[in-house]
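The values are calculated or read from the model by the stated rules, or taken from the named source; none is laboratory data. Quantities reported herein were computed from a predicted structural model and do not represent experimental measurements. FYI the Cβ positions are ideal-geometry reconstructions off the backbone, even for glycines, and counts take in every protein chain you see.
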Amino acid sequence: MTYDKKLIIGLFGFGVVGEGIYRVLKQTPTLQAEIKRICIKHPDKKRNAPAELFTTDADELLNDPEINVVVELIDDAEAAWHIVSTSLGSGKAVVSANKKMIAAHIAELLKLQEENKTSFLYEAAVCGSIPVIRNLEEYYDNDMLNSVTGIINGSTNYILTRMNEDGMAYDEALKLAQELGFAESDPSLDVQGTDAANKLTIILNHAYGIISAPGDILCKGITQLHPADSVYAREKGYSIKLVARARRVNHTDVAAYVLPTFVGPRSQLFNVRFEFNGVIIGTRLADEQFIYGKGAGRYPTSSAVLSDIAALRYGYKYEYKKLHTGVDYQVSDDHVLRVYVSCENMADIDRLDFVSIDETFISQTRKYITGSISFSKLRNAAWLNNPANSVIVFEDPGIADNPEMEELV
């Protein structure tokens with residue numbers, strides 16, 4: 001579908017981002033885009049837009065033949081799936097920021113786009129204003145991708161910054177993040193790592209052509225971290241970050257996980273603090289590229305949504321080129337990680353799970369062990385989900401430290 005005429009938009013959701021989109025479109029006639037109708041859930045709420053724009057009936061937007069673009073900005077993933085799938089099925093282009101919905105239905109969404117020749121854009125779903133998806137789609141198409149590594153959840157990064165730098169306990173840092181609006185009243189999706197796993201699922205598709213589900217990714221959040229872990233990190237010169245990682249381990253296998261990680265000062269991620277996001281894209285030819293910015297909030301998210309709307313004027317679509325390279329990449333458990341495991345009782349940790357052990361420390365208050373463990377062993381370890389234990393990965397080596405990957409250069 002090409003756009004040689006004005007974009008007529010049906011907007012779902014009028015929260016801080018939706019209102020921001022409305023205001024910018026009113027003030028930017030060069031975008032040639034106009035909101036015709038806005039679907040909301042609570043009609044009695046006072047809103048800064050003409051009352052005649054609003055409706056609670058989704059079908060008024062979905063069935064309007066004049067509306068050629070649907071912008072979906074709601075929290076409900078199930079309702080978002082109905083809106084997006086119906087819109088694509090009727091030939092409307094769609095812009096969305098709902099990473100949970102996209103990650104859960106990625107295979108179906110690919111099929112809908114192909115069958116209906118429609119465009120579905122969702123840059124805001126991954127890292128707010130940071131253009132990760134567009135870069136993976138376009139710039140890195142011909143340069144073999146070695147890795148995508150990032151801090152892609154601002155809420156957890158804010159909490160960890162306070163724990164690492166100010167010595168705050170987890171509960172205290174979480175409360176402050178909620179007071180400042182960086183964390184939801186129910187922060188479970190963020191602090192358990194689920195939000196980052198949803199985003200990594202989307203990244204895997206655009207980086208390697210892998211169609212997977214969030215459940216395929218080993219994901220541990222920050223709720224099990226102990227104050228002693230921050231002390232250890234400071235003593236060793238590390239910072240603890242919740243890192244999403246996708247890395248080629250050979251010609252067809254990709255390691256993918258979301259885990260707390262010790263990040264050293266040589267890494268660009270070391271200085272990604274508070275609510276900011278940062279993504280390192282490692283390539284075979286260009287070494288590492290670093291993208292940094294705010295990953296959430298009214299203005300960063302609005303920026304990404306507006307960029308997608310502007311791209312629709314030129315009929316832009318994701319081409320999903322990595323699905324058609326002839327190389328069938330897959331998420332694999334066949335690799336080894338170096339980890340730190342702290343616990344209250346050392347007997348809880350099965351040492352036979354480790355390939356090798358580097359260090360053991362025992363005190364009256366906390367114990368820890370560092371060593372190498374196969375990814376499959378870690379995923380299935382009984383002690384991994386014990387709330388009294390914390391697991392932190394040591395920063396993964398780059399291509400220069402990986403002889404198998406050197407062969408590809």
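Here is a yes/no grid of residues against (1) over 13 Å from the mean Cα position of the chain (by Cα); (2) surrounded by fewer than 16 Cβ atoms within 10 Å (Cβ to Cβ); (3) of a type in the set (A, V, I, L, M, F, W, C):
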| residue | (1), (2), (3) |
| --- | --- |
| V148 | no, no, yes |
| K199 | no, no, no |
| I222 | yes, no, yes |
| A233 | yes, no, yes |
| I240 | yes, no, yes |
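Starting from residues that are β-branched (V, I, T) and within 13 Å of I152 (Cβ to Cβ), keep the ones in segment 267-291 and report whichever is surrounded by the most Cβ atoms within 10 Å (Cβ to Cβ). Spell out the reasoning first.
Narrowing segment 267-291 to residues β-branched (V, I, T): 272, 279-281, 283, 291.
Next, only the ones that are within 13 Å of I152 (Cβ to Cβ) stay: 272, 279-281, 291.
Values: V272: 25, V279: 27, I280: 21, I281: 24, I291: 17.
Across segment 267-291, the extreme among qualifying residues is V279.
Kindly indicate whether A244 is touching a Leu at 6+ places or on another chain (Cβ under 9 Å), outside any loop (DSSP other than H, G, I, E, B), at pLDDT 95 or above and under 11 Å from N153 (Cα atoms). Spell out how you get there, then give the answer.
Values: touching a Leu at 6+ places or on another chain (Cβ under 9 Å): yes; outside any loop (DSSP other than H, G, I, E, B): yes; at pLDDT 95 or above: yes; under 11 Å from N153 (Cα atoms): yes.
So A244 fits the description; yes.
Scan I203, I130, I211 and give me the residue that is β-branched (V, I, T), more than 30 Å from A388 (Cβ to Cβ) and at pLDDT below 95.
Going through I203, I130, I211 in turn, just one is β-branched (V, I, T), more than 30 Å from A388 (Cβ to Cβ) and at pLDDT below 95: I130.
With (1) in the same structural domain as G15 (by TED's automatic domain parsing); (2) under 30 Å from A244 (Cα atoms) as the list, and E115 as the residue in question, which single condition is left unmet?
The one condition E115 does not meet is (2).
For segment 214-241, which positions are over 23 Å from G282 (Cα atoms) and in a loop (DSSP other than H, G, I, E, B)? Working first, answer last.
Filtering segment 214-241 for residues over 23 Å from G282 (Cα atoms) gives 215, 220-237.
Selection gives K220, G221, I222, T223, Q224, L225, H226, G237.
Tell me the strands (runs of 3 or more DSSP E) entirely within segment 268-386 that contain at least 1 residues that are farther than 22 Å from I203 by Cα and among the hydrophobic types (A, V, I, L, M, F, W, C).
It comes to 336-343, 354-362, 367-374.
From the list E34, E72, E19, E108, pick out the single residue that is under 23 Å from Y314 (Cα atoms), within 27 Å of the chain's Cα centre (by Cα) and of a type in the set (D, E, K, R).
E72
Wholly within segment 1-102, which strands (runs of 3 or more DSSP E) include no fewer than the required count, namely at least 1 residues that are of a type in the set (S, T, N, Q) and surrounded by 19 or more Cβ atoms within 10 Å (Cβ to Cβ)? Steps first, please.
Numbers: elements: 7-12, 33-39, 69-72, 93-96.
Passing ranges, in order: 93-96.
One line per residue, one yes/no per condition, for (1) hydroxyl-bearing (S, T, Y); (2) in the same structural domain as I102 (by TED's automatic domain parsing); (3) touching a helix residue (DSSP H, G or I) at 6+ places or on another chain (Cβ under 6 Å):
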| site | (1), (2), (3) |
| --- | --- |
| T161 | yes, no, no |
| G181 | no, no, no |
| Q192 | no, no, no |
| A196 | no, no, no |
| I210 | no, no, yes |
| I217 | no, no, yes |
| K220 | no, no, no |
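Take S374 and tell me if it is touching a residue at least 60 places away in the same chain (Cβ under 8 Å) and surrounded by 14 or more Cβ atoms within 10 Å (Cβ to Cβ). Working first, answer last.
Details: touching a residue at least 60 places away in the same chain (Cβ under 8 Å): no; surrounded by 14 or more Cβ atoms within 10 Å (Cβ to Cβ): yes.
The answer is no for S374.
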